[in-house]
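What follows is a single structure, written as structure tokens, with notes after it.
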Amino acid sequence: MMIMDDIISAVKEAGEIMINAKRPKIMEKAGHANFCTETDEKIQAFLIDKLSAILPEADFLGEEDGQDVFSSKMESGYCFVIDPIDGTSNFIYEYRPSVVSVGLLKDGKPCMGIVYDPYDDLLFSAEAGRGAYLNGERIMSSNAPLSDSLTVFGTAPYYEELQERSFDIAKKLLRLCVDVRRSGTAAWDMCCVAMGRCSLYFELKIQIWDYAAAALIATEAGCTVTDAEGKPLSYRGPASCICRSRGVKEIPDCFK
Ligand code: LIP
């Protein structure tokens, strides 16, 4: 897409806002340890302003605009899906990583995705059918088997009903792989699978803004990204997610 470079520059500028933020005001959202900061809001407003200048006909769905479902008007044409800071709790505690995530849907289907880690200046990007890139270099997921890989998972502190099963699956996975990690940001986790650092990521519930960009990047890196039942992600709202590298040929039994 001609506009890819313009979108990348806007996302990099958004990353600068994140790393230059000083003790931002913290607001609480519904549920245990569910936070938003004034920097999340500032970055989202900045991106909507920049991206609407780049693609005036596009609609927007952002984490901080208080709606988590896709509305019918987003079914046709372009829609940007923004997570201004994925890994907000990490950002608050100055724990790494935290990333900016921007996905673009065309007629409800993912056509472009960008995930940016401003701390290490790592920019992941993908266009549908055109491969995945890290700082402009083509990336592909690992061919290693699960037994020879790290895995990563997420479970939000505010989805208490999912924690028992999430940690139970993680415990079973621990016996099937080298070790299990938990970073606190779904978008980063899927990019780690896309670039071959891990071979499987799972989370039993994430929002469309957590996966809209990273799921496309992972898919373009040869990963299989589905919900926990093995069905395609809806790109319509919250979903469970399993992202498997090329070397993990099927969903492990511990999910059944
Ligand atoms: C985060 C997700 C992560 C999940 C966290 C949180 P946020 O999103 O990316 O996978 O485990 O609880 O939901 O709120 O930092 O954008």
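What to note about this one:
One line per residue, one yes/no per condition, for (1) within 11 Å of the ligand (Cβ to nearest atom); (2) of a type in the set (Val, Ile, Thr); (3) in contact with a strand residue (DSSP E or B) (Cβ under 7 Å, 6 or more places away or on another chain); (4) closer than 27 Å to Ala239 by Cα:
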site: Ala21; (1), (2), (3), (4): no, no, no, no
site: Gly31; (1), (2), (3), (4): yes, no, no, yes
site: Lys42; (1), (2), (3), (4): no, no, no, yes
site: Ile48; (1), (2), (3), (4): no, yes, yes, yes
site: Leu55; (1), (2), (3), (4): no, no, yes, no
site: Leu61; (1), (2), (3), (4): no, no, yes, yes
site: Glu75; (1), (2), (3), (4): no, no, no, yes
site: Ile92; (1), (2), (3), (4): yes, yes, yes, yes
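- Of the strands (runs of 3 or more DSSP E) entirely within region 25-138, none holds at least 2 residues that are of a type in the set (Ser, Thr, Tyr), in contact (Cβ under 8 Å) with a residue 60 or more places away in the chain and over 22 Å from Val152 (Cβ atoms).
- For Ala126, the conditions (1) under 30 Å from Ala30 (Cα atoms); (2) touching a helix residue (DSSP H, G or I) at 6+ places or on another chain (Cβ under 9 Å); (3) among the aliphatic types (A, V, I, L, M) are fulfilled apart from (1).
- A search for C-beta distances below 8 Å between a residue of region 145-156 that is of a type outside the set (Lys, Arg) and any residue that is within 8 Å of the ligand (Cβ to nearest atom) and in a helix (DSSP H, G or I), counting only pairs 6+ apart in sequence or on different chains, returns Val152/Asp189; Phe153/Asp189; Gly154/Ala186; Gly154/Asp189.
- Qualifying residue in region 112-123 (condition: over 27 Å from Leu61 (Cα atoms) and crowded, with 19+ Cβ neighbours inside 10 Å): no
- Residues located in region 187-213, provided they are surrounded by 24 or more Cβ atoms within 10 Å (Cβ to Cβ) and away from the ligand (no atom under 14 Å from the Cβ): Ala194, Ser199, Leu200
- Flag for Lys12 being surrounded by fewer than 22 Cβ atoms within 10 Å (Cβ to Cβ) and without any contact (Cβ under 8 Å) to a residue 24 or more places away in the chain: no
- A residue that is over 16 Å from Ala187 (Cα atoms), touching a Gly at 6+ places or on another chain (Cβ under 9 Å) and aliphatic (A, V, I, L, M) occurs nowhere in region 80-103.
- The combined condition, being under 25 Å from Asp83 (Cα atoms), out of contact with any helix residue (DSSP H, G or I) (no Cβ under 7 Å at 6 or more places or on another chain) and surrounded by fewer than 24 Cβ atoms within 10 Å (Cβ to Cβ), is not fulfilled by Gly184.
Values quoted throughout were computed directly from the atomic coordinates according to the rules given, and no laboratory measurement underlies them. Being a predicted model, the structure only gives us computed values, none of them experimental. As a convention, Cβ positions derive from the backbone with ideal geometry for all residues, glycine included, and neighbour counts pool all protein chains shown.
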